[in-house]
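Enquirer: Let me give you the structure first, and then I'll get to my questions.
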Amino acid sequence: MKKITAPLTDKDMQGLHAGDQIVISGILYTARDAAHKKMAELIKGKKPLPFNAKGSIIFYAGPTPARPGKPIGAIGPTTAKRMDSFAPQLYAKGVKATLGKGARSKEVKAAIKKYRAAYFVATGGAAALLAKKVKTAKVIAYPELGTEAIYQIEVKDFPAIVAIDSKGGDIFNEKL
Amino acid sequence: MRKISAEKIKETIESIILEVAFNLPEDVCAALESAHKKEASKLGKSILKDLVDNIKVAKDEKLPLCQDTGFVVIFMEIGQEVQIEGDLHKAINEAVAKAYQEGYLRKSIVSDPIQRKNSGDNTPAIVYTEIVPGDKIKIKLLTKGGGAENCSAIRMFNPTVGAEEIEKFVIETVKNAGPNACPPIIVGIGIGGTFDKAAQIAKKSLFRKIGTHNSKPHIAKMEESLLGKINKTGIGPGGLGGKITALAVNTETFPCHIASLPVAVNIECHSHRHKEVTI
């Protein structure tokens with residue numbers, strides 16, 4: 001089990017290969033469909049993103065509300081392919097990895113290779129289990145979107161699998 | 001006439017939602033445990049272990065099984081000797097709003113499909129009502145996640161095609177869903193009726209207990225054949241490879257027009273949260 005800590009560096013990426021089981025610690029930024037649409041508008045308008053993209057990990061997720069005294073409710077990956085049309089421009093801005101479920105388009109895979117980045121998958125539908133790995137959470141952008149807001153979450157030993165690595169190795173292509 | 005208050009229906013629906021968000025039905029738990037024992041692929045087995053562990057954490061800590069706490073879909077069979085006192089649909093939507101608020105469940109419904117503003121309380125529910133003999137109300141409730149629902153498909157076949165063509169379409173739909181639908185999946189199939197009826201019975205078939213089959217022998221045979229073929233695709237748990245791609249294939253049929261043969265495939269994820277209550 002490889003351990004990585006976000007923000008990620010080029011050196012971190014070299015050691016990751018499609019199929020590796022990893023644990024992630026550090027900061028993740030959640031964003032799903034509606035937040036991606038808004039970030040694409042920011043990029044188009046040459047405005048800064050709501051977080052520092054360099055080395056960052058975007059987690060395709062929309063959590064359930066936190067019960068009192070808990071950092072977050074249930075949280076797990078949503079289908080990544082819905083964000084395929086947005087992902088290349090975010091990798092271009094310095095995002096080092098995205099975290100979701102399911103396969104990606106060839107355009108996303110090309111961007112991952114070009115920017116020496118990665119795509120990770122986590123277990124879909126295991127959101128109670130994954131929530132235990134979240135230590136803190138706060139909304140940093142688009143609170144009006146509710147669950148689709150961008151949350152900055154701090155995780156410890158969050159389990160994932162490398163699905164596409166920086167050389168373009170793709171676990172789904174190999175399996176299917 | 002037996003009188004049943006809308007308030008009673010409201011309380012029942014609220015309690016079903018608050019149960020299914022944190023507790024999977026026993027047959028689904030058993031199917032996942034058995035899949036975990038049977039799966040040979042390393043990553044597939046590790047996904048299934050997460051799913052089995054997730055069941056316990058969700059139950060013990062009252063954390064939703066999945067962050068997508070779904071669209072509430074209700075099939076209600078209302079006995080014709082029942083008189084409902086109060087506004088049925090208002091009661092149902094009040095139950096949904098209250099349960100999603102009190103259970104700290106995610107509000108995943110937008111009020112308009114184009115403008116896409118969140119309704120804020122997970123309403124409205126999708127409700128199918130059917131008038132049946134008797135003096136009871138049967139409520140079948142499913143909280144349907146978006147990811148798997150998106151992988152569903154419908155096709156209007158020529159009536160001259162055989163079972164083989166239908167099976168091909170189902171397999172193609174499962175392959176297109178691939179890792180996106182959170183396998184191991186449950187496949188609901190509706191054959192016959194009209195465009196809308198096929199989709200409706202496909203969804204209704206999802207309520208059937210895992211391991212049981214359609215009462216018509218030729219349909220039961222098709223279900224078994226499909227489950228075997230789906231589990232040979234190699235998609236596996238989480239789409240990461242393996243032999244457990246589906247836990248069940250459930251099919252319902254309805255008579256159809258001489259010109260028609262509609263087939264709907266409704267894909268359901270492993271987080272198959274549903275319950276049936278009779279009042």
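Enquirer: Along the charge dipole of the protein assembly as shown, pointing to its positive end and built from +1/-1 on Cβ of Lys, Arg, Asp and Glu, which listed residue (B:Ala125, A:Gly100, A:Tyr119) has its Cα farthest out?
Expert: Going by the Cα projections, it comes out as A:Tyr119.
Enquirer: Which trypsin sites (Lys or Arg not before Pro) in region B:103-141 pass both tests, a DSSP loop state and at most 13 other beta-carbon atoms within 10 Å?
Expert: Passing sites in region B:103-141 are B:Arg116, B:Lys117.
Enquirer: So in chain A, what percent of DSSP beta bridges are antiparallel if you round to the nearest 5?
Expert: 55 percent
Enquirer: Treating only the Cβ of Lys, Arg, Asp and Glu as charged (+1, +1, -1, -1), what charge dipole size does chain B show about its Cα centre? Round to the nearest 20 debye. Present the calculation step by step, with values, prior to reporting the outcome.
Expert: Working: 37 positive and 34 negative charges, 119 e Å.
Charge dipole of chain B: 580 debye, to the nearest 20.
Enquirer: Under unit Cβ charges (Lys, Arg +1; Asp, Glu -1), what dipole magnitude, rounded to 20 debye, does region A:23-103 have relative to its Cα centre?
Expert: Roughly 140 debye, rounded to the nearest 20.
Enquirer: Region B:146-271: D in µm²/s via Stokes-Einstein (Kirkwood Rh, Cα pairs, 20 °C, 1.002 mPa s)?
Expert: Once the numbers are plugged in, D ends up at 152 µm²/s.
Enquirer: Next up: In what sequence, highest mean first, do B:87-95, B:269-277 appear when ranked by Cβ atoms within 10 angstrom? Mind showing how you got there, number by number?
Expert: On the way: B:87-95: 18.3, B:269-277: 22.9.
With the highest mean Cβ count within 10 Å placed first, the list reads B:269-277, B:87-95.
Enquirer: Could I ask something else about it? Chains B and A: what accessible area do they bury, summed, in square angstrom to the nearest 100, with a 1.4 Å probe? Mind dumping the intermediate values first?
Expert: Details: alone 13630 and 8800 Å², together 19510 Å².
That pair of chains buries around 2900 Å² in total.
Enquirer: I'd like to check one number: the per residue accessible area of the protein assembly as shown, probe 1.4 Å, reported in Å² as a whole number.
Expert: Working: 19510 Å² over 455 residues.
With all protein chains present, the protein assembly as shown gives 43 Å² per residue.
Enquirer: In peptide B:212-219, what is the residue-averaged number of other protein chain Cβ atoms found within 10 Å of each Cβ? Don't skip to the end; give the middle numbers.
Expert: Numbers: counts 0, 0, 0, 0, 0, 0, 0, 0.
Partner Cβ neighbours, averaged per residue: 0.
Enquirer: Same structure, new question: What number comes out for the charge environment of B:Ser108, summing +1 per Lys or Arg and -1 per Asp or Glu over other residues with Cβ under 15 Å away?
Expert: Surrounding charge for B:Ser108 is +2.
Enquirer: By the gyration tensor of its Cα atoms, with a ≥ b ≥ c the square roots of the eigenvalues, what is the shape of region A:2-164: rounded for a/c under 1.5, prolate for a/b over b/c, or oblate?
Expert: On the way: a/c = 1.56, a/b = 1.10, b/c = 1.41.
Note, shape of region A:2-164 comes out oblate.
Enquirer: Given the protein chains as shown and a 1.4 Å probe, how many square angstrom of A:Asp165 are accessible, to the nearest 10?
Expert: Its heavy atoms expose roughly 10 Å² to the probe.
Enquirer: How do B:Phe207, A:Phe59, B:Phe71, B:Phe195 stack up against each other in accessible area, from largest to smallest, with a 1.4 angstrom probe?
Expert: Ranked list, largest accessible area first: B:Phe195, B:Phe71, B:Phe207, A:Phe59.
Enquirer: Give the cysteines in chain B for which no other Cys Cβ lies under 4.7 Å away, or write none if there are none.
Expert: Lacking a cysteine Cβ partner under 4.7 Å: B:Cys29, B:Cys66, B:Cys151, B:Cys256.
Enquirer: A follow-up question, please. In the neighborhood of B:Lys90, defined by Cβ-to-Cβ distances under 15 Å, what is the net charge if each Lys or Arg adds +1 and each Asp or Glu adds -1?
Expert: -4
Enquirer: Determine the shielding of peptide A:126-139 by partner chains: average, over its residues, the number of Cβ atoms on other chains within 10 angstrom of each Cβ.
Expert: 5
Enquirer: Out of all DSSP beta bridges in chain B, what portion is antiparallel? Express it as a percent rounded to 5.
Expert: Just about 55 percent of them are antiparallel.
Enquirer: Next up: Run through the DSSP bridge list for the protein assembly as shown and note the antiparallel percent, rounded to the nearest 5.
Expert: Antiparallel bridges make up about 55 percent of those DSSP assigns within the protein assembly as shown.
Enquirer: For the modelled label position 7 Å from the Cα of B:His89 along Cα-to-Cβ, which residues of region B:114-143 have backbone nitrogen atoms closer than 18 Å?
Expert: Of the residues in region B:114-143, B:119, B:121-131 have backbone N under 18 Å from the label point off B:His89.
Enquirer: Now, a different point. Past the 26 angstrom mark, what percentage of all C-alpha to C-alpha distances in chain B do you count?
Expert: In whole percent, the long-distance tail amounts to 45.
Enquirer: Could I ask something else about it? Which of A:Pro68, A:Pro48, A:Pro77 moves most in a GNM of chain A, Cα contacts under 10 Å?
Expert: Of A:Pro68, A:Pro48, A:Pro77, the Gaussian network model singles out A:Pro68 as fluctuating most.
Enquirer: Output the relative contact order of region A:40-176, whole-number percent, from Cα pairs under 8 angstrom with separation of 6+ residues.
Expert: Computed value for region A:40-176: 23 percent relative contact order.
Enquirer: How big is D for the protein assembly as shown, in µm² s⁻¹ as a whole number, if Stokes-Einstein is applied with the Kirkwood radius of its Cα pairs at 20 °C and 1.002 mPa s?
Expert: 94 µm²/s
Enquirer: Give the distance, in whole Å, between the Cα centre of region B:75-136 and the Cα centre of region B:1-72.
Expert: 20 Å
Enquirer: Report, as an integer, the average count of C-beta atoms from other chains found within 10 Å of each Cβ along B:175-183.
Expert: Mean inter-chain Cβ contacts per residue within 10 Å come to 5.
Enquirer: Could you give the size of the charge dipole of the protein assembly as shown about its Cα centre, using +1 on the Cβ of each K and R and -1 on the Cβ of each D and E, expressed in debye and rounded to the nearest 20?
Expert: 1680 debye
Enquirer: Using a 1.4 Å probe on the protein heavy atoms, what percent of the accessible area of chain B belongs to carbon and sulfur?
Expert: Heavy-atom surface of chain B belonging to carbon and sulfur, 1.4 Å probe: 53 percent.
Enquirer: Leaving ligands, DNA and RNA out of it, work out the accessible area of B:Met222 with a 1.4 Å probe and give it in Å² to the nearest 10.
Expert: Only protein atoms counted, so the area is about 20 Å².
Enquirer: Relative contact order of region A:95-176, please, whole-number percent, based on alpha carbon pairs below 8 angstrom and at least 6 residues apart.
Expert: The normalised contact order for region A:95-176 reaches 33 percent.
Enquirer: For A:Lys106 and A:Thr136, what is the calculated FRET efficiency with R₀ set at 41 Å and r taken between the beta-carbons, to the nearest 0.05?
Expert: Once the sixth-power term is evaluated, E becomes 0.65.
Enquirer: Packing-wise, with mean Cβ within 10 Å as the measure, how do B:149-160, B:180-191 rank, highest first?
Expert: B:180-191, B:149-160
Enquirer: For region A:52-67, state which residues have at least 10 Å² less accessible area in the presence of all protein chains than in their chain by itself, taking the probe as 1.4 Å and leaving out ligands, DNA and RNA.
Expert: A:Gly62, A:Thr64, A:Pro65, A:Ala66, A:Arg67
The values are calculated or read from the model by the stated rules, or taken from the named source; none is laboratory data. Model, not experiment: these values are computed from the prediction. All Cβ positions, glycine included, derive from the backbone under ideal geometry; neighbour counts span all protein chains shown. With ligands, DNA and RNA removed, areas are computed over all heavy atoms of the protein, side chains included. Shrake-Rupley method; radii C 1.70, N 1.55, O 1.52, S 1.80 Å.
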